[in-house]
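The values are calculated or read from the model by the stated rules, or taken from the named source; none is laboratory data. Since this is a predicted model, take the numbers as computed values, not measurements. Virtual Cβ from ideal backbone geometry, glycine too; neighbours counted across all protein chains shown. For accessibility, only protein heavy atoms count, side chains too; no ligands or nucleic acids. Shrake-Rupley method; radii C 1.70, N 1.55, O 1.52, S 1.80 Å.
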Amino acid sequence: MQIRKVLPSELEQILDLLELFDRPRSPRPSGCDLQQILHDIQVNKGTVIGAFLDAQAIGTCTINICPNLSWAGRPYAIIENVMVTPVNRGNGVGTALLKFAQQYAQDLGCYKIALMTGSKRASTLEFYQKAGFTGDKTGFQRRFDA
């Protein structure tokens with residue numbers, strides 16, 4: 001298994017993975033829009049990370065780097081869209097993705113890395129805790145047409 005930044009040519013595979021989320025599907029961005037979205041993520045040093053097995057994407061997450069005024073101006077990182085194919089869950093793929101993301105954020109000088117999950121399953125929450133994340137804060141969100 002290889003964990004690395006996703007290439008622009010692999011974005012369709014990433015969209016296939018993201019469609020595995022248990023939620024209503026939304027329309028896929030077009031090819032040109034995909035390239036622009038990747039560019040926008042990368043402008044602030046973020047990236048889309050992929051886990052690949054024989055050139056096939058089996059896991060992904062996106063890391064966004066957010067500029068910040070506090071903590072001596074150090075940025076923070078937000079992980080989104082963590083997904084591993086069902087057949088590859090429990091095999092260390094998700095752990096490897098999060099480890100890569102954490103190292104990536106540290107290398108950029110981030111003072112913290114955070115994520116939110118909508119899952120209430122004990123196994124999902126335990127997975128994030130074992131990966132070094134704590135559930136000691138309360139998250140809130142407000143969605144717009146999603």
Residue check for GLY92: surrounded by fewer than 19 Cβ atoms within 10 Å (Cβ to Cβ), among the small types (Gly, Ala, Ser) and within 25 Å of PHE133 (Cα to Cα): yes
Tally of residues being in contact (Cβ under 8 Å) with a residue 24 or more places away in the chain and either in a loop (DSSP other than H, G, I, E, B) or over 14 Å from LYS130 (Cβ atoms) (or both) across segment 102-116: 10
All positions within segment 117-143 that are hydrophobic (A, V, I, L, M, F, W, C) and exposed (fewer than 13 other Cβ atoms within 10 Å of the Cβ): ALA122, PHE140
Inside segment 19-51, the number of residues satisfying the requirement of being under 23 Å from SER119 (Cβ atoms), touching a residue at least 40 places away in the same chain (Cβ under 8 Å), open to solvent by 40 Å² or more (accessible area, probe 1.4 Å) and under 16 Å from the mean Cα position of the chain (by Cα) is 2
Residue ID - farthest from the chain's Cα centre (by Cα), chosen from residues in segment 117-136 that are in contact (Cβ under 8 Å) with a residue 12 or more places away in the chain and assigned to a helix (DSSP H, G or I): LYS130
Scan segment 1-28 for residues that are part of a helix (DSSP H, G or I), polar (S, T, N, Q) and within 24 Å of ARG89 (Cα to Cα) and jot them down. GLN13
Can you name the number of the only condition in (1) at pLDDT below 95; (2) over 16 Å from the mean Cα position of the chain (by Cα) that ARG89 fails? (2)
If you go through segment 52-60 one residue at a time, do you hit one that is of a type in the set (Asp, Glu), surrounded by fewer than 18 Cβ atoms within 10 Å (Cβ to Cβ), closer than 18 Å to PHE127 by Cα and out of contact with any helix residue (DSSP H, G or I) (no Cβ under 8 Å at 6 or more places or on another chain)? no
Contact list please: Cβ distance under 7 Å, first residue in segment 77-101 and closer than 14 Å to ILE3 by Cβ, second residue surrounded by 19 or more Cβ atoms within 10 Å (Cβ to Cβ) and of a type in the set (Phe, Trp, Tyr), pairs at least six apart or on different chains. GLY94/PHE127
